[in-house]
Structures are given as structure tokens and as C-alpha cells.
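Below: the structure, in C-alpha cells.
The values are calculated or read from the model by the stated rules, or taken from the named source; none is laboratory data. These numbers come from a predicted model, not from an experiment. In this analysis, Cβ positions are derived from the backbone assuming ideal geometry, glycine residues included, and neighbour counts consider all displayed protein chains. The protein model used for the area step is the full one, side chains on, heavy atoms only, and it has no ligands, DNA or RNA in it. Shrake-Rupley method; radii C 1.70, N 1.55, O 1.52, S 1.80 Å.
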Amino acid sequence: MKYTLAFDVYGTLIDTSGVFNSLEQMIGDKAKLFMDTWRNKQLEYSFRRGLMNKYTDFSVCTKDSLEFCCKMFKTDLSIGQKEALMDEYSVLPTFADVDTGLKNLKESGHKLFAFSNGSGKAVSKLLTNAKIIDRFDGIISADGVEIFKPSPLVYEYFNKETNSTKSDSWLISSNPFDVIGAISYGMRSAWVQRSQDSIFDPWGIEPTAIINKLTDLCLKLE
């Protein structure tokens with residue numbers, strides 16, 4: 001069967017740790033903890049805004065969480081350094097398996113869509129810079145419903161925009177909250193376990209499939 005595939009972007013296709021080297025040059029030994037906290041706060045802020053019905057562009061969550069980290073780690077970054085980090089966040093690299101994995105899935109006849117909390121403009125820039133935008137049939141952004149994943153409204157919007165159904169679509173994500181959200185909505189979902197240290201939330205909701213790299217996904221869809 002051929003499926004409509006919804007690919008999460010940040011952390012799944014795009015390696016958000018791509019900012020590490022710049023952070024290390026700016027703040028030294030605190031770079032790893034700063035980077036991880038920045039990412040976690042970015043997600044937390046999107047969740048909180050969703051619950052408050054105070055939607056904003058995902059880049060605002062990224063900027064606000066960067067400001068939080070500067071305060072938390074007592075790091076006095078200049079305006080120029082903050083702007084450089086934000087700019088770098090918009091041109092992050094892909095994981096090594098992504099291009100081949102997407103190519104194989106495309107050649108197998110599946111429809112591929114980038115599906116993100118990020119704005120369509122930001123995601124398009126990321127995928128273009130990474131030279132993988134041609135692998136996709138389109139980009140679906142939470143901007144269209146002005147609420148972030150894992151709201152069921154976002155997954156429903158994906159099905160509507162791609163003319164697909166719950167039964168013939170899969171979400172592919174490295175983020176457990178996203179996988180749980182999609183399965184709770186009724187889609188199948190593959191969890192990309194990017195690190196052996198990654199833990200799937202013990203909610204009693206399991207991924208349809210678990211893979212370590214995108215090149216393993218074709219076999220799970222047969």
C-alpha cells in the first residue's frame with residue numbers, strides 16, 4: 001500500500017544540535033546544556049501557547065526560549081550573537097540518513113510532506129538550504145490552524161490539506177509528544193529514535209513502528 005507520509009522537521013529531518021559549535025565558541029563548556037535547554041524550552045513554550053490559545057509564529061518560541069537560556073545560564077550574549085544563533089537555526093543541517101531515506105520512500109510511490117510547527121516560510125528555507133525540498137510533495141504548517149502539535153486539529157488539518165485519511169497516512173517523528181499526538185488522533189506513526197538515550201513517554205501509547213534511521217522506514221511500510 002502507498003501512504004501519505006507526514007515528516008516532522010525539527011529533530012527528525014533537521015539536526016537542531018547544529019548550533020552546538022557556535023554556542024561552544026560563544027560560551028564554552030556550558031554549550032551542551034544551554035543547547036538542550038533551549039530546545040526543551042522552545043517546545044514547552046509552544047505547548048503553553050497552545051493551551052492558552054495564544055498562537056504565534058514558532059520562531060517567537062525559539063527566540064523567547066533563547067532569551068530564557070541567557071538568563072538561566074547568566075550568559076550575556078550580545079544582540080549580534082543572538083541574531084547569529086537565530087539565523088543559524090534557520091539553516092540547520094539534516095541528519096546523514098535523511099536524503100537517502102526520503103529518496104527511497106519517494107521512489108517506492110509514497111507521497112511525502114514536511115509537517116511542522118514551524119512556519120511554511122521557515123520550513124521551506126530549511127529544506128531548501130538542506131537540498132531536500134524536491135523530495136517533498138508539499139509543506140504543511142501548523143500556521144494553517146494557528147495551534148501547535150500535538151493538538152488533534154493539526155493532524156486533522158494535515159489530512160484535509162493532503163486529501164488523505166487517518167488510515168492511509170503515517171506521521172514520522174523523533175519527538176514522542178508528536179507520535180503520541182498522531183496515534184491519539186488515529187494516524188499510524190513511526191518513532192525515529194535518534195539516540196539510544198531517548199526515552200519514549202510511558203503513557204501506554206506505543207508507536208506503530210520504531211526505527212533508528214529513515215532508511216529503515218520502507219520495510220515498515222510494506
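Compute the length gained on full extension between residue 221 and residue 33: take 0.36 nm times their separation in residues and subtract their Cα-Cα distance, giving the result in nm to one decimal. Mind dumping the intermediate values first?
Numbers: separation 188, 0.36 × 188 = 67.68 nm, distance 3.64 nm.
Length difference between fully extended and current span is 64.0 nm.
Would you list which lysines come within 25 Å of residue 74, measuring only between C-alpha atoms, while excluding same-chain residues fewer than 8 positions from it?
Within the straight-line limit of under 25 Å, residue 74 reaches these lysines: 30, 32, 41, 63, 82.
Between residue 196 and residue 121, what FRET efficiency comes out of the Förster formula 1/(1 + (r/R0)^6) with R0 = 41 Å and r the beta carbon distance, rounded to 0.05?
My answer for the efficiency is 0.75.
Evaluate Rg over Rh across segment 148-222, taking Cα atoms for both radii and Kirkwood's formula for Rh. Display every interim value, and only then the final one.
Details: Rg = 12.1 Å, Rh = 12.6 Å.
A ratio of 0.96.
Working from Cα positions, state the angle (0 to 90°, nearest 10) between the long axis of helix 176-185 and the longest principal axis of the chain.
Helix 176-185 sits at roughly 40 degrees to that axis.
Go from 0 up to the bin containing the longest alpha carbon distance in segment 132-171, width 5 Å each, and give me the % of pairs per bin.
6, 22, 31, 23, 15, 3
What does the charge add up to near residue 70, with Lys and Arg as +1, Asp and Glu as -1, over the other residues with Cβ less than 9 Å from its Cβ?
Every neighbour counted, the sum reads +1.
In whole angstrom, note down how far apart the Cα centers of segment 14-38 and segment 202-221 are.
That distance is 28 Å.
Roughly to the nearest percent, how much of the accessible area of the chain is carbon and sulfur, given a 1.4 Å probe?
51
Taking the solvent-accessible surface of protein heavy atoms with a 1.4 Å probe, what is the per residue accessible area of the chain in Å²?
Heavy-atom SASA per residue in the chain reads 49 Å².
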